[in-house]
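Structure, as structure tokens:
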Amino acid sequence: MTAAVQTALRVPHVIAYSEEAVPQHLAFRRSAMQEPYLSYPNPRGTDWALGVLRARVRGNRRGQPQWRFMNTARQWRCMVKGLCQVCGQPAIDPDGRLPWIITETAYRQLGDGHHTSAPATCRHCIPESLASCPQLRKSGEVYTAASAEPSAVLADMFAPGPGGRAVHTGEHNVFVSLEWTDLVRSALATQLIVRLHDLRPA
């Protein structure tokens with residue numbers, strides 16, 4: 001019965017698919033200041049965004065939906081462009097504000113700042129999301145924000161190994177502020193985190 005329910009659900013725009021995963025072959029290089037930083041052996045300009053290395057993924061939506069994981073590229077695009085995580089369309093309200101479903105797992109408050117790794121959800125998709133997702137039914141609350149700006153990433157962490165090889169430290173989904181340059185150099189970003197401004201209950 002569980003499988004039948006899942007197949008009836010619309011797969012949100014940001015959800016990763018099994019055949020989108022790409023092996024992450026990584027190495028450490030040295031900057032002009034001789035500081036080690038994480039890179040791909042064959043770096044591309046699109047590998048970096050906001051000064052941090054992003055995990056490479058495909059965008060073909062092939063294979064099985066990986067309900068617990070987001071496609072890094074689609075999640076990042078939704079965050080930067082204010083797109084709905086469910087339908088992939090602009091999430092902004094007619095009044096210029098962005099609706100957000102805030103959950104315990106994707107939200108954190110640092111000082112007076114509100115930070116989340118979950119993209120916005122447009123008004124049209126909010127009822128479906130709350131009705132179909134057990135986690136959202138448990139802890140989701142709808143807010144609106146005046147704007148959102150990149151503040152941090154969730155990342156897998158690496159350390160330099162012999163011959164410049166990148167060795168995974170065993171740490172996944174580590175919160176790394178974009179201002180923490182020492183950690184950023186050793187991070188492989190899997191999700192972008194934004195700070196929400198003027199957050200209000202909807």
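The values are calculated or read from the model by the stated rules, or taken from the named source; none is laboratory data. Everything quoted here is computed from the prediction, not taken from an experiment. Methodologically, a virtual Cβ is constructed for each residue, glycine included, from the backbone with ideal geometry; neighbour enumeration extends over all protein chains shown.
Conditions (1) more than 30 Å from Gln34 (Cβ to Cβ); (2) modelled with pLDDT of 95 or more, marked per residue:
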position	(1), (2)
Pro90	yes, yes
Thr105	yes, no
Leu110	yes, no
Leu130	yes, no
Pro134	yes, no
Glu141	yes, no
Pro162	no, no
Arg165	no, no
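Which strands (runs of 3 or more DSSP E) does the range 1-115 wholly contain that include 3 or more residues that are within 22 Å of Val194 (Cα to Cα)? Show your work before the answer.
Details: elements: 15-17, 27-30, 36-39, 52-54, 65-70, 98-102, 107-110.
Where strands (runs of 3 or more DSSP E) fall fully within the range 1-115 and carry at least 3 residues being within 22 Å of Val194 (Cα to Cα), they are 52-54, 65-70, 98-102, 107-110.
Suppose we keep only residues that are among the β-branched types (Val, Ile, Thr) and not in a strand (DSSP E or B) within the range 152-202. Which one would you say is farthest from Thr116 (Cα to Cα)? Selected residue: Thr169. Per the listing His124, His115, the residue uniquely in contact with a Ser or Thr (Cβ under 7 Å, 6 or more places away or on another chain) and either modelled with pLDDT under 95 or on the phi < 0 side of the Ramachandran plot (or both) is His115.
Screening His172 with (1) touching a Lys or Arg at 6+ places or on another chain (Cβ under 9 Å); (2) modelled with pLDDT of 95 or more gives one miss only, at (1). When you scan the range 54-69, do you find a residue that is at pLDDT 95 or above and in contact with a His (Cβ under 6 Å, 6 or more places away or on another chain), even just one? Checked the range 54-69: no residue is at pLDDT 95 or above and in contact with a His (Cβ under 6 Å, 6 or more places away or on another chain). Restricting the range 130-184 to residues that are surrounded by fewer than 17 Cβ atoms within 10 Å (Cβ to Cβ), small (Gly, Ala, Ser) and touching a strand residue (DSSP E or B) at 6+ places or on another chain (Cβ under 6 Å) leaves a set whose member that is nearest to Leu199 (Cα to Cα) is Ala146.
Of the residues making up the range 141-189, those that are in contact with a Leu (Cβ under 6 Å, 6 or more places away or on another chain), touching a residue at least 60 places away in the same chain (Cβ under 8 Å) and within 20 Å of Cys84 (Cβ to Cβ) number 2. The set of residues from the range 104-140 being in contact (Cβ under 8 Å) with a residue 24 or more places away in the chain and small (Gly, Ala, Ser) comprises Gly113, Ser117, Ala118, Ala120, Ser129, Ser132, Ser139, Gly140. If Thr105 meets every condition in (1) surrounded by 14 or more Cβ atoms within 10 Å (Cβ to Cβ); (2) under 14 Å from the mean Cα position of the chain (by Cα); (3) β-branched (Val, Ile, Thr) apart from one, which number is that one? Status for Thr105: all satisfied but (1). So is Ala27 among the aliphatic types (A, V, I, L, M), in contact (Cβ under 8 Å) with a residue 40 or more places away in the chain and closer than 26 Å to Ala106 by Cα or not? Answer is no for this residue.
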